[in-house]
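Enquirer: Below is the structure I would like to discuss, written out as structure tokens.
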Amino acid sequence: MLEDGAVWAVKNGFGENDDLLHIEEGGRLEGARPGEVSPRARERGRPQLGTLGSGNHFVEVQRVAEIHDETAARALGLEPDQIVISIHTGSRGLGYQVCDDFLQVMLRSARDHGIDLPDPQLCCAPVRSAEGQRYMGAMYAAANFAFANRQLITHWVRMSFQEVFQKGPRDLGIEVVYDVCHNIAKVETHTVGGKERRLCMHRKGATRAFPPGHPQTPAAYRDVGQPVLIPGDMGRYSYVLVGTARAYEETFGSTCHGAGRRLSRAAAKKAARGRPIAREMEDRGIFVRSDGYATLAEEIPEAYKDVAEVVEVVHRAGISRKVAKLVPLAVIKG
């Protein structure tokens, strides 16, 4: 699974081969080194495969409230008032442990390579060094865990809808629009100073936004650009966009990943103290389920910036183009 990601999941009956055509890198990052994933990371990840986790991770049942680009929406299979399901989660405790395991390795590497760090949290290693290659291999394995994780949840979303509506996923039209990474470093080819160069692209708080015609944009979307998924808070809306040529020229094919927090988790809990958050959401027509009150308190809508404003910035800057606005109907928080 750490080597094959979503491909492993599909081979084991969790989804269809067509799903892989709509996942970044086909749901599998080459170059993963499962041997660099520690026993502790595996121990943490094993019971968490197929789970959301805490924080801003969620599964939402949403409605397509607005279409901003009819051509792109049609290519992505989106239409007004359609029901869609958004899944936002990653590599869980396994990915966290991979990072934790390599912090000391990177601190030593920085010292060994004479890298002056303004802050120890910025510890690093040259990409081509032995330590850098070990970390990239472990990180790719964690990314493959994330692909598999989302694929399993996709399968169980389909099974849940089938149980309720007594119709199969194909009859219900539950197809994958796209699965894209964020917070990851990947080796890509970009033009710098008029020359093509291989670069290590680290998108933190960012996601890929490749343009129309790019060979890594799925064939079904090649005329409109790679889908970009921007999650919002549980009380307002999320967005689907597409990548642009301008993003490829100016931001190495990158755009924003989300709205970002206005309040820390501690401040959000303080602001939510004593409030019936689930009831507040239900009064707005949004049904919320979570594993506890603390999770909801951290995720109150006012803890986040208005994602519509953030999306408008990247849209006007031309680094991604608005396609559809999605509003939540039901929210599951880890």
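Enquirer: Does anything in segment 196-218 have its amide N under 19 Å from the 7 Å Cα→Cβ label point of R74, and if so which residues?
Expert: Residues 212-213 qualify, since their backbone N sits under 19 Å from the label point.
Enquirer: Treat each spin label as a single point 7 Å out from the Cα along the C-beta direction, and report the R197 to D101 distance in nm.
Expert: 3.2
Enquirer: Once you sort the root eigenvalues of the Cα gyration tensor of segment 156-308 as a ≥ b ≥ c, which label holds: rounded (a/c under 1.5), prolate (a/b larger than b/c) or oblate (the other case)? Write down the numbers at each step before the final one.
Expert: Values: a/c = 2.88, a/b = 1.45, b/c = 1.98.
Oblate shape, in that a/c is at least 1.5 and b/c is the bigger or equal ratio.
Enquirer: Would you mind calculating the relative contact order of the chain from Cα pairs under 8 angstrom and at least 6 residues apart, reporting the percent as a whole number? Could the numbers behind the result be given before it?
Expert: Details: 667 pairs, mean separation 74.4, N = 334.
Value for the chain: 22 percent.
Enquirer: Same structure, new question: Kindly provide the helix-only [θ] at 222 nm of the chain, computed as the sum of -39,500 (n - 2.57) over DSSP H runs of four or more divided by all residues, to the nearest 500 deg cm²/dmol?
Expert: Working: 12 runs with 123 residues, N = 334.
Mean residue ellipticity, 222 nm, calculated: -11000 deg cm²/dmol.
Enquirer: If you don't mind, there's one more thing I want to ask. Count the lysine pairs in the chain that are 8 or more places apart or on different chains: how many have C-alpha atoms under 22 angstrom apart?
Expert: 12
Enquirer: What number, in percent, do you get for the relative contact order of segment 177-334 if the mean sequence gap of Cα pairs under 8 Å and at least 6 apart is divided by its residue count? Can you show the working numbers first?
Expert: Values: 325 pairs, mean separation 38.6, N = 158.
Taking the mean separation of contacting Cα pairs over the length of segment 177-334, I get 24 percent.
Enquirer: Of the chymotrypsin sites (Phe, Trp or Tyr not before Pro) in segment 87-161, which ones lie in a loop per DSSP and count no more than 11 other C-beta atoms within 10 Å?
Expert: On the way: sites: Y96, F102, Y135, Y140, F145, F147, W156, F161; in loops: none.
Nothing satisfies the criteria.
The numbers here are math on the coordinates, done by the rules we state, and not lab data. Just so we're clear, the structure is a prediction, and the values are computed from it rather than from any experiment. Every residue, glycine among them, receives a Cβ derived from its backbone with ideal geometry; neighbour counts consider all protein chains shown.
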